[in-house]
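Since the structure comes first, as structure tokens, the remarks are kept for the end.
The values are calculated or read from the model by the stated rules, or taken from the named source; none is laboratory data. From a predicted model like this one, the values you see are computed outputs, not experimental measurements. Please note: Cβ atoms are built from the backbone with ideal geometry, for glycine as well, and neighbour counts cover all protein chains shown. Calculation scope for accessible area: heavy atoms of the full protein, side chains included, ligands and nucleic acids excluded. Shrake-Rupley method; radii C 1.70, N 1.55, O 1.52, S 1.80 Å.
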Amino acid sequence: MLTFHGAYGRAETVEADIHVYFFPAEEEGFAARLKSVAKPAQGMISALRARGDFTGLAEEEEMLFAGEGRFLAVGLGAKNDLSTETLRRAAARAGKRCAKYAARTAAFHLIDEQLLRRMLHLSFEEQVQAIVEGAALGLYRYDAYQEKKKERVKGNLASIALVTSEEGFQGRLKSAIERAAIVAEAVELARNLSNAPANSLNAEALAKEAVERTKKYGVKAVILRKPEIEAHRMGGLLAVNRGSRNEPRFIVLEYNLGRRKAPCIALVGKGVTFDSGGISIKPSANMAEMKMDMSGAAAVIGVMRAAARLKLPLRLVGLIPATDNMPSGSALCPGDIIRMSNGKTVEVEDTDAEGRLILADALVYAQRYKPDGIVDLATLTGAVVVALGFHVTGMMGTGKDLMERLRRSGARTFERVCELPLYEEYEKQIRSEMADIKNLGGRWGGAITAAMFLKHFIGGFPWVHLDIAGTAMLEEEGFYTIKGGSGVGVRLLVDMLSGFGAAES
Ligand code: BES
Ligand code: ZN
Ligand code: ZN
């Protein structure tokens, strides 16, 4: 396992197999950075710059062998492009490179606070967080079923030291690293849950994971089994589960509820452990991806764990309706009319629109906490992927303040969100002849009509719906993501919740 720690000094005084330096392309910044590089590498890097071979642009990196040591110079890019995301990507590249060179230990030399403020407009803590996230997530692989390959891809990189040469920064460095490592680890947990195949992660197993991953940090869990779910009349969750041999679970995670005065946020995650479509069965091409249809749930578990470890001063509730969606002789049929836990009736036109059915019951359950806000995360519609692709999460809702906070957190974490409207006119598309509403909104605006459906179950509380169908399950590798589960939502929400109730930043 890769660990991070702080160190104080210069390359000459810190032991590491590889020393990593990040360089901005802009001349003044490059020169300032060069001063802190260990003597033998300094001349080489400045010669590279003079020749135009390494100038600090974003795609550049050079491994140098100087004296006894190895030095990796990594470009950050031109002045206007510098941000936490630049650092995250650079750290991911650096981490992978170190692993490839079979380093066991690496030292990432931090940029001085003054230069950081001037060039990147970032704080010391933001730098540390971005570098830890980039390095950890860039080296992430889902290797639960490939013990051997693990060695080959991840190498032996065991520890990364983040090194400052500034006096008096050790304390800040230590707490920034701890914080960042907690967040990165929660993203990895969400990715692992997301990528786990459905035959190892059914609703029961997901509930076990939710408990085991959060219990020791003081999160209280209540797992509702089928009889209790029936007692709560959760008609949506029961309907979707009808075709399955696996029992459903309704997972309730509570953090800090005793702190009466703290604001309360309810997080709801779609926990469909496999979505075959049910009787309205999906085409078989790419159906395997639907093992990740519980990515919303994975994010909620990750956030609950991180929030508890970070001791965030608010009350949090995590709610996960969990089941698979399978066809069988006992399965939910198109045309069935079901009754949800708030009494509303739903005509099921398509059993593949199952996410909104189980989320409805969870949103109703969330209301008992009288939360200051409800945020749900769900791989809800293919339509949001058509609209926005893989690079931004679709955001809809009634909680204007929450949405503004999420937009800002999205920019900071690069887990960006884009708001789609919930105009009243869309309501017509989910009107039913036979029931209060139907679960299919027709061909157009599918992400929006799905959210319009959910809106029937929020009871007037400020609410935000995040449709992560495009951002949670990726078709190809990115800068610090792999093909598969991205763990999206964890960094976004931890950032948002960290600022909740605190002074605006
Ligand atoms: N889990 C899917 C949505 C999905 C699609 C997630 C692609 C990730 C990638 C959801 O349950 C679903 O099947 N939605 C249907 C809704 C339709 C029947 C109204 C869809 O998007 O096609
Ligand atoms: Zn579906
Ligand atoms: Zn689904």
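For the range 269-285, what are the residues that are open to solvent by 10 Å² or more (accessible area, probe 1.4 Å) and more than 8 Å from ligand 1 (Cβ to nearest atom)?
Those that are open to solvent by 10 Å² or more (accessible area, probe 1.4 Å) and more than 8 Å from ligand 1 (Cβ to nearest atom): PHE274, ILE279, ILE281, PRO283, SER284, ALA285.
Every residue in the range 342-353 that is over 17 Å from SER432 (Cα atoms) and either open to solvent by less than 10 Å² (accessible area, probe 1.4 Å) or under 29 Å from the mean Cα position of the chain (by Cα) (or both), please.
Once the filter is applied, which keeps residues that are over 17 Å from SER432 (Cα atoms) and either open to solvent by less than 10 Å² (accessible area, probe 1.4 Å) or under 29 Å from the mean Cα position of the chain (by Cα) (or both), the range 342-353 yields only ASP352.
Does the range 322-331 contain at least one residue that is among the hydrophobic types (A, V, I, L, M, F, W, C) and more than 18 Å from LYS226 (Cβ to Cβ)?
no
Do we find a residue being within 16 Å of ligand 3 (Cβ to nearest atom) and over 19 Å from PRO248 (Cβ atoms) anywhere in the range 300-319?
Scanning the range 300-319 turns up no residue that is within 16 Å of ligand 3 (Cβ to nearest atom) and over 19 Å from PRO248 (Cβ atoms).
Mind listing whichever residues of the range 436-489 are open to solvent by 40 Å² or more (accessible area, probe 1.4 Å) and either under 24 Å from the mean Cα position of the chain (by Cα) or under 16 Å from LEU363 (Cα atoms) (or both)?
LYS455, HIS456, GLY459, GLY460, PHE461, PRO462, GLU475, GLU476, GLU477, PHE479, LYS483
Would you mind finding the one in ARG249, ARG259, ARG245 that is surrounded by fewer than 15 Cβ atoms within 10 Å (Cβ to Cβ) and either of a type in the set (A, V, I, L, M, F, W, C) or under 24 Å from ARG356 (Cβ atoms) (or both)?
Exactly one of ARG249, ARG259, ARG245 is surrounded by fewer than 15 Cβ atoms within 10 Å (Cβ to Cβ) and either of a type in the set (A, V, I, L, M, F, W, C) or under 24 Å from ARG356 (Cβ atoms) (or both), namely ARG245.
Can you say whether GLY278 is under 22 Å from LEU206 (Cα atoms) and either assigned to a loop (DSSP other than H, G, I, E, B) or within 16 Å of ligand 2 (Cβ to nearest atom) (or both), as far as the supplied structure shows?
yes
Restricting attention to the range 457-476, does a residue exist that is within 30 Å of LYS96 (Cβ to Cβ), among the acidic types (Asp, Glu) and modelled with pLDDT of 95 or more?
yes
Name every residue in the range 297-341 that is within 16 Å of ligand 2 (Cβ to nearest atom), surrounded by fewer than 24 Cβ atoms within 10 Å (Cβ to Cβ) and either outside any loop (DSSP other than H, G, I, E, B) or within 19 Å of the chain's Cα centre (by Cα) (or both), in order of residue number.
Hit for the range 297-341 is ILE338, nothing else.
Of the numbered conditions (1) farther than 23 Å from ALA7 by Cα; (2) free of Cβ contacts under 8 Å to residues at least 40 places away in the same chain, GLY77 satisfies every one except a single condition; which is it?
(2)
Select, from ALA198, ALA203, the only residue that is within 16 Å of ligand 2 (Cβ to nearest atom), open to solvent by 10 Å² or more (accessible area, probe 1.4 Å) and on the phi < 0 side of the Ramachandran plot.
Answer to the check: ALA198.
For the subset of the range 445-457 comprising residues that are touching a helix residue (DSSP H, G or I) at 6+ places or on another chain (Cβ under 8 Å) and among the hydrophobic types (A, V, I, L, M, F, W, C), which member is nearest to ALA387 (Cα to Cα)?
ALA447
Every residue, every condition in (1) open to solvent by less than 20 Å² (accessible area, probe 1.4 Å); (2) part of a helix (DSSP H, G or I), yes or no:
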site	(1), (2)
GLY95	yes, yes
GLU126	no, yes
ALA135	yes, yes
VAL163	yes, no
ARG179	no, yes
ILE182	no, yes
ALA186	yes, yes
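If ALA307 passes every condition in (1) within 16 Å of ligand 1 (Cβ to nearest atom); (2) farther than 16 Å from LEU237 by Cα; (3) touching a residue at least 12 places away in the same chain (Cβ under 8 Å); (4) of a type in the set (Gly, Ala, Ser) but one, which one does it miss?
All conditions pass for ALA307, except number (1).
Within the range 316-353, track down each residue that is more than 16 Å from ligand 1 (Cβ to nearest atom), of a type in the set (A, V, I, L, M, F, W, C) and either more than 26 Å from ALA266 (Cα to Cα) or without any contact (Cβ under 8 Å) to a residue 60 or more places away in the chain (or both).
Selection gives ILE337 alone.
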